[in-house]
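Please read the structure below before turning to the comments.
Each value in this text was obtained by applying a stated rule to the coordinates, not by laboratory testing. If you're wondering where the values come from, they're calculated on a predicted model, not measured in any experiment. Note that we place each Cβ from the backbone using ideal geometry, even for glycine, and neighbour counts take in every protein chain shown.
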Amino acid sequence: MAKKNFVFLIIIFLIVFGFLVFLKIGKVEAQALPDKVFLDAMKTGTNGSFYVPHISAPMNPKWVRVMPLSTPNPNHVGDQTGTTNEYFNFVPDGTCDLRDVRIVARASGSSEGDPTWNYLADIVPDGKIDANDTNAVSNCASSTGDYVTDLSNVTIAFNVGGESAVDPVTGFSSIPDGATSFTVKKAGNPIGAYVYFYAPRPDLIGYAWAENIGWISVNSLNCNTDGDGKYEGASEDIQPVPADCPTSGTSGRVYNYGVYLDPIPNGNGQQFFHGYAWSPTIGWIKFDPSPPYLSGTNCGSGPSYLLNGLNTWGLVRACAAAPNPNSCDGAGGNSTAGGWDGWICLADEISSVYQVKLDSSTPKEFYNWAWGGGGNDTTDEAKRQSAVVGWISFNKSNCANNSNCTCPSLGGAACPNPSYPCNDPCADLKDYKVTYQPENSAPTVSNAQITGTDYCTGTGDSNGIQKGQVSFSWSYTDFEGDDQERYWLQIATDSSFTNKVIDCQVPNSKVVDPNVAKTMTSAVSVVSSTSTEYNNRCNDGLDLGSRILAISYNGTYYWRVKSKAASGNTNWSDPPAVGPSFTTKAHAYPWSDFSWDPLYPAVFQNVTFDAQPGTLTRFYDATCAADPTNASCSYSWTFTNANVNPNPPPPPKYQEDAQFQTAGAKPVTLQVNDSSGFSCPATLPVQVGLPLPQWKEIPPTF
């Protein structure tokens, strides 16, 4: 009876999903996985309101990318695509036509979660495709519109987590946990937009092999290697959908899916599995199934997880066998599946007959066996043979060679032949395995601070005006322990960062221990706004190169910084660390310098010191720059071991006489103050020699 139910189940799924043959693969190589997986997109009208979709079997979105309408047009809400296939690379095209109508027609009558539901067709975003969407796209016919490329002042207000700016280059903004809706705004006003949804890319890739149902794919990249939403092929536009790849019901589109682990273990060392695998025979297999769980067997009772990076435990579930296939939950089994409950065990918790494990290779590979029900006692050969899924091998290395196998013990029974996956029909395949390639998470930055200012640097810009310097710091942390490869500094004259004077990626090779927060630093020069340095500042969001980080005097500035790790990860820390605003001085501080004569004096020899206003000493305030001898421009001298002229000239004392009492290097300091109260000291060493010998004539003595 069980075998009849199994055959019936296969027939049902072959009809529903249209898959006719098993996928034959070659050697599974490690792939460079994209950091985000495109899910779907849609556009609204003038009010900027959207809801966060639940994309059924694949993954829920974590990011939204926006492209606002330049002119709000209530009759332009149906522009969804520019080609016969609505891939995100080619949408929208600014025109409503029959290509947009086809999207709604193909998905009409479906609701969110149905295999044929398509978020693109949900033009009036309410989770179902009905007359509201049909009317909207009909009204759109022949309408045209433009889209904003300048993302300055574009923000997204989520129903939780407040309002955040989109990335000015990519248009991305992360969706906060718990958010179910949001509004796109431009300069604070709601605006129509086209939005793209993205999800965390799955970090398991490859295939497992089950003795009774064949291939199990753990990542849609098996069908869509570059994650662009199109099946692979010579033209990346294969029609019909290749066998063994799931479809969202829209011709030519990949149904994104995958399995991934929590990036960070919890306090118990557990990393829970999430997401879906795909079997062309039995459909979706959920790796984070909902309760109630299977109980009273060796499988344990709970969701699946990886413990201490080595051993797997818990249950996954074939959704078609659950009482509620769409939500993949419910107690017992589905009558259409012959009463099978769909539970698949990753480990035997009682007798340790089997357990899927993870090795330490690069990339890490899963190996060993899982057990798929229809008979949960693996020591009962009759139940084992009646199982819908049976033994699942996660790695071809489980097989010693093409004719023998290393398999779980069956209570002393011999390994069956040829039903194990290490024998026919997969013995002729070169390789298969499931690998774990976790995303190298972006670092985090925090605690942005201004650590100091210095307006007496003693160096001048191209105009000869003294440079100032403002120094910054922030805390950098990276979960994987990667060094900071570069940081992205933005300084603007407004808090919304629309008018950026510095927008620059700065390479940084400083080695840190970023498992714990480490302080990173940067500094910018304060220069005259007409200087070469200011005109050569880095303000285009690109690499620093030969340019400099420079701002000008007499400005109020806002700043923020983000970092990128040195592991090759393309993700910047998100959100950036925002520091306190600051204001640069109204003008440069005075430049202090002086000369003396004679250059190498002797002890007790008179030395004249001269600040030479306008030549050696320079002022940048209006009063002293016009007349450096003005009484409001002061000069203060400090000498070491010297007698100073008891009758100094009246202020301003830009000249002074002194006689040194001892020999050696004697520091002399000049403190120059301008009419604004800005002052800079200059200290120079004067080398004082021994006094010249004095001759006294003495008559000879006889």
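Just flag the trypsin sites (Lys or Arg not before Pro) in the stretch 604-702 sitting in loop per DSSP whose Cβ has no more than 14 other Cβ atoms within 10 Å.
Hits after loop and neighbour filter: Lys696.
Relative contact order (percent) for the stretch 444-583, with alpha-carbon contacts under 8 angstrom and 6 or more residues of separation?
Relative contact order here is 30 percent.
Residues with beta-carbon under 12 Å from that of Ile491, excluding Ile491: net charge, scoring Lys, Arg +1 and Asp, Glu -1?
Result for the local shell: +1.
From the phi of every residue in the stretch 626-634, what ³J(HN,Hα) in whole Hz does the Karplus formula 6.51 cos²θ - 1.76 cosθ + 1.60 yield, where θ is phi - 60° and glycine or proline is x?
6, 8, x, 9, 4, 4, 7, 9, 10
Just to check I understand the Karplus step: with θ = phi - 60° and J = 6.51 cos²θ - 1.76 cosθ + 1.60, what whole-Hz values come out for the stretch 652-666, glycine and proline as x?
Per residue, the Karplus-derived 3J(HN,Hα) values read x, 8, 7, 10, 7, 10, 8, 10, 7, 8, 9, 8, x, 7, 10 Hz.
Amide H neighbours of Leu151 under 5 Å, counting only residues 5+ apart in sequence or on other chains, H built in-plane at 1.01 Å?
Correct list: empty.
How much net charge surrounds Ser632 when only the other residues with a Cβ under 10 Å from the Cβ of Ser632 are counted, with Lys and Arg +1 and Asp and Glu -1?
-3
Once a ≥ b ≥ c are taken as the square roots of the eigenvalues of the Cα gyration tensor of the stretch 444-583, is the result rounded (a/c under 1.5), prolate (a/b larger than b/c) or oblate (a/b not larger than b/c)?
prolate
Over the stretch 263-334, what is the mean sequence separation of C-alpha contacts under 8 Å (at least six apart), divided by residue count, expressed as relative contact order in percent?
Relative contact order, the stretch 263-334: 28 percent.
Give me the one-decimal nm value for the distance between modelled label points at Asn324 and Asn554, 7 Å along each residue's Cα-to-Cβ direction.
6.8 nm
Check which residues have an amide H placed less than 5 Å from Gly48's amide H, if you skip close sequence neighbours.
Ile191, Gly192, Ala193
Filter the cross-link list Lys186/Lys564; Lys364/Lys564; Lys364/Lys396; Lys62/Lys433; Lys500/Lys562; Lys518/Lys562 down to pairs whose alpha-carbon distance in this structure exceeds 20 Å.
Lys186/Lys564; Lys364/Lys564; Lys62/Lys433
Count charges around Trp591 for me, please; just the other residues with Cβ under 13 Å from its Cβ, Lys/Arg as +1, Asp/Glu as -1.
Result for the local shell: -2.
The stretch 130-153 to the stretch 193-210: how many Å between their Cα centroids?
Using only Cα atoms to place each centre, the spacing works out to 28 Å.
Which order do peptides 210-221, 481-492 fall in by mean Cβ count within 10 Å, highest first?
210-221, 481-492
Arranged from highest to lowest average of other beta-carbon atoms within 10 Å per residue, in what order do the peptides 268-281, 290-303 appear?
268-281, 290-303
Is there a quick way to get the dipole size of the stretch 559-693? I mean about its Cα centre, with the Cβ of Lys and Arg at +1 and of Asp and Glu at -1; what is the value in debye to the nearest 20?
620 debye
Using amide H atoms built 1.01 Å from N in the peptide plane, name the residues 5+ places from Tyr354, or on other chains, whose amide H lies under 5 Å from its own.
Placed amide hydrogens put Asp348 under 5 Å from Tyr354.
Work out the FRET efficiency for Ala187 and Ala523 from their Cβ-Cβ distance, taking R0 = 35 Å, and round it to the nearest 0.05.
0.60
Which whole-Hz couplings ³J(HN,Hα) result when phi for each residue of the stretch 447-459 is put into the Karplus expression 6.51 cos²θ - 1.76 cosθ + 1.60, θ = phi - 60°, listed in order with x for Gly and Pro?
Couplings: 6, 6, 9, 8, 9, x, 9, 9, 10, 10, 7, x, 10 Hz.
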